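Below: one structure, written as C-alpha cells.
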Amino acid sequence: MLTFLGWTNTQNRIGYAHQSNGQSEPLSRSWNRLYADFLFQRGDWAVSIAPHWRIPESDKDDDNPDLENYIGYGDITVVRAFGDQEFSLLLRGNPDKHHYGAQLDYTFPLAGKVRGHVQYYDGYGESLIDHDQDVQRLGIGFSLNTFLSGVPGTEALVH
C-alpha cells in the first residue's frame, strides 16, 4: 500500500460502466465509460478520486453529446465516518464550462444492516435526462451499506 502525507491508498478499481435512464425515445439517455477509482484513507476520513473517459458514440447514436460539458471527467468524493454514521460529499463538473454539481449524503443505522439515508444534490449532472439543468434535489430513504463498506481497514467504522 502506498502512503503519502499520512493518507494510505487502500483500494484501486478500474472498470467499464453503462448508465441508462431506462426510457424509450425520445426520452432515452445513456452513455458508456471507462473509469478508475483510487481510494485514500486517513483515520475516519477517506477520499475517492475517480476519473472517467466517455466511450465515443456516432453522432447518430449519441443522445447527449454535451454530457462532458456538465459532468466533467470524473468525481471526487470526501467521506467522514463518525462511529456508525457517515457523511460524504461528491463533487463533479467541468471547470472550463463553469458547470458543477455537489452531492451530500448522510447515512445512519436504522435496524440491523438497514441504514437511513438522506441525500441532497445541487448543480449539473444529477441525472442523464436533465444533466444540462441546474437542479436541487432532496432524497430520503434507506440503504444497505455505507460508502466505506468492504474497504480494508474500515470494519470498526461501519458496523
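Restricting the search to segment 13-39, which residues are exposed (fewer than 11 other Cβ atoms within 10 Å of the Cβ) and touching a Leu at 6+ places or on another chain (Cβ under 8 Å)?
Residues satisfying the conditions are I14, G15, Y16.
Return the residues of segment 121-134 that are closer than 17 Å to D75 by Cβ and surrounded by 14 or more Cβ atoms within 10 Å (Cβ to Cβ); say none if nothing qualifies.
Selection gives Y121, D122, G123, Y124, G125, E126, L128, H131.
This table checks each residue for (1) hydrophobic (A, V, I, L, M, F, W, C); (2) closer than 18 Å to Y124 by Cα; (3) crowded, with 20+ Cβ neighbours inside 10 Å.
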residue: Q41; (1), (2), (3): no, no, yes
residue: D44; (1), (2), (3): no, no, no
residue: A50; (1), (2), (3): yes, yes, no
residue: D62; (1), (2), (3): no, no, no
residue: N69; (1), (2), (3): no, yes, no
residue: T77; (1), (2), (3): no, yes, no
residue: F82; (1), (2), (3): yes, no, no
residue: E86; (1), (2), (3): no, no, yes
residue: L91; (1), (2), (3): yes, yes, no
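Examine segment 104-113 for a residue that is modelled with pLDDT of 90 or more and either at positive phi or touching a Phe, Trp or Tyr at 6+ places or on another chain (Cβ under 6 Å) (or both), and state whether such a residue exists.
yes
Considering each of V78, V118, V47 in turn, give the residue that is in contact with an Asp or Glu (Cβ under 8 Å, 6 or more places away or on another chain), β-branched (V, I, T) and farther than 24 Å from S30 by Cβ.
V118
The values are calculated or read from the model by the stated rules, or taken from the named source; none is laboratory data. Treat the numbers as computed from the prediction; the structure is a model and nothing was measured. In this analysis, Cβ positions are derived from the backbone assuming ideal geometry, glycine residues included, and neighbour counts consider all displayed protein chains.
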